[in-house]
């Protein structure tokens, strides 16, 4: 069963002169960020980013951090209080040529092209 992490989604700037994107931060995974043109795209890409972060953590011999409750993260990170919060499962490894069995096996994210 995949781990499900809370994410904070930065709302797109409707007044922007260029195409806006929704930024995503995964507070439990330092440095794990993503973005997308729509909320749905941003959430899908966040799942991929989470999976890659966890794979790199495993490759370095670390364990996956346990997801925090959204309420606790909301209290700890005042800068994201007005953002949209959601829960995102880590996506399995579905690189081209991977199989369903690969989705359950750890891989070294640094070894991908």
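Remark: pairs (first residue in the stretch 47-63, in contact (Cβ under 8 Å) with a residue 40 or more places away in the chain; second residue part of a helix (DSSP H, G or I); Cβ separation under 7 Å; 6+ apart in sequence or on different chains) = 52/109; 55/109; 56/109; 56/110; 59/109; 59/110. Surrounded by fewer than 18 Cβ atoms within 10 Å (Cβ to Cβ) and at pLDDT below 90: is that true of residue 16 in this structure? Yes; evaluated as a whole, the condition is true for this residue. For the stretch 28-64, filtered to residues that are surrounded by 15 or more Cβ atoms within 10 Å (Cβ to Cβ) and in a loop (DSSP other than H, G, I, E, B), the residue that is modelled with the lowest pLDDT is 64.
From the residues in the stretch 82-102 that are in a loop (DSSP other than H, G, I, E, B) and modelled with pLDDT of 85 or more, which one is nearest to residue 11 (Cα to Cα)? Don't jump to the end; show me each part of the working.
Residues of the stretch 82-102 in a loop (DSSP other than H, G, I, E, B): 82-83, 90-99.
Imposing the further condition that a residue be modelled with pLDDT of 85 or more reduces the set to 82-83.
Details: 82: 9, 83: 6 Å.
So the residue we want is 83.
Within the stretch 65-86, the only residue that satisfies the criterion of being loosely packed, with under 13 Cβ neighbours inside 10 Å and in contact with a helix residue (DSSP H, G or I) (Cβ under 8 Å, 6 or more places away or on another chain) is 81. Here residue 38 fulfils each of the conditions (1) touching a residue at least 40 places away in the same chain (Cβ under 8 Å); (2) farther than 17 Å from residue 4 by Cβ apart from (1).
The values are calculated or read from the model by the stated rules, or taken from the named source; none is laboratory data. Keep in mind that this is a model prediction, so the values were computed, not measured. Cβ: placed from backbone, ideal geometry, glycine included. Neighbour counts: every protein chain shown.
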